[in-house]
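A short write-up of the structure that comes next.
Please treat every number below as a calculation from the coordinates, not as lab data. Just so you know, these numbers come straight off a predicted model, no measurement behind them. No Cβ is skipped: glycine too gets one built from the backbone with ideal geometry, and neighbour counts run over all protein chains shown.
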Amino acid sequence: MTIDTDTDAADTDGGDSLTLALAQLRVEAGAVEANVDRALEAVSRAADRGADLVALPELFNVGYFAFDLYARNAEPFGGETFTRLRDAAADHGIAVLAGSIVEDLAATDAVETPADEGLANTAALFDADGERRLVYRKHHLFGYESAESHLLVAGERLETATIGDFTVGVTTCYDLRFPELYRRLVDDGVDLVLVPSAWPYPRIEHWQTLSRARAIENQAYVATINGAGEFDDATLLGRSSVYDPWGVSLASSGDEPALVTTEIDPGTVADVRDEFPALQDRRL
């Protein structure tokens, strides 16, 4: 398996920077083994390029729009997909956002669940030692011409984790339309938000504008990790991007598979919030 395109950029304001990689994978509906192989190759490739953290798209193993395959391919939290990515993180010495899979809540016993049964859209963050640092289940389930809200249980917990000198939070795709979720993360000290997604055509402007807005209004890095590929009734638009706390795009891709890398600096967040202290003027 190969990733077709590489995109690089740099943001070096000094301090203890982190090299972030976004793995925009080609996702095939129901081709779990091939999709996971692509993910593992992306982890290896990101590590070879010196990345400290690599992030994967939403439902990269089964495909977001393969709704009729969710139940058949659901796994417990400690199932094969997360286990292989956890092991890859440790083997390559790189943090991995495995974001996300369809989780079988009834079969999960390794972590707390929002319900005793049902399915969830679940991401996990593993550090460079393969230790679980964060679990996130998608909070806002898409109802517009989508089966997601009928098939899945919404998440309830909003965890954060420390990777390098960053405090990291995770949201998923449709969550971008709900800014109050990001305010909660900022109140918890987050300065980098990872957003695994399966955003389709034609809503390019929404994808880019909402992502940039979440970065600007929260004065934080926002990294959006989309998939690539076609389904029966949807095509993923790619365009994975890293936005800095000013809302500037530091690195981005087109709609083909890509490995996007850039350096980000926690000192930049502090500098922006000090120079333009809008968060201090909040009244709600």
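Residue order for 140, 150, 206, fewest other beta carbons within 10 angstrom first, comes to 150, 206, 140. Cα axis of helix 204-218 to longest principal axis of the chain: angle in degrees, 0 to 90, nearest 10? Helix 204-218 sits at roughly 50 degrees to that axis.
Pairwise Cα separations in segment 50-118 fall into 10 Å bins from 0 onward with the following percentages, short to long: 20, 46, 29, 5, 0.
The value of relative contact order for segment 5-281, using C-alpha pairs under 8 Å at least six residues apart, is 24 percent. Among 85, 119, 151, the residue with the largest mean-square fluctuation in a Gaussian network model of the chain, with springs joining Cα atoms closer than 10 Å, is 151. The residues 126, 142, when put in order of fewest to most other Cβ atoms within 10 Å, stand as 142, 126.
The charge dipole of segment 5-281, taken about the Cα centre with unit charges on the Cβ atoms of Lys, Arg (+1) and Asp, Glu (-1), comes to about 400 debye, rounded to the nearest 20.
When the chain is treated as a Gaussian network with alpha carbon springs shorter than 10 Å, the biggest mean-square fluctuation among 180, 28, 75 belongs to 180.
Summing charges over neighbours of residue 128, with a neighbour being any other residue whose Cβ is under 12 Å away from its Cβ, gives -3 when K and R count +1 and D and E count -1. Please report the antiparallel percentage of DSSP beta bridges with both residues in the chain, rounded to the nearest 5. Antiparallel bridges: around 60 percent, rounded to the nearest 5.
Taking the number of Cβ atoms within 10 Å of each Cβ as an exposure proxy, the fewest-first ranking of 94, 264, 163 is 163, 94, 264.
In the chain, helices alone account for a calculated mean residue ellipticity at 222 nm of -7500 deg cm²/dmol, with every DSSP H run of four or more residues adding -39,500 (n - 2.57). The angle between the Cα long axis of helix 32-48 and the longest principal axis of the Cα atoms of the chain comes to about 30 degrees, rounded to the nearest 10.
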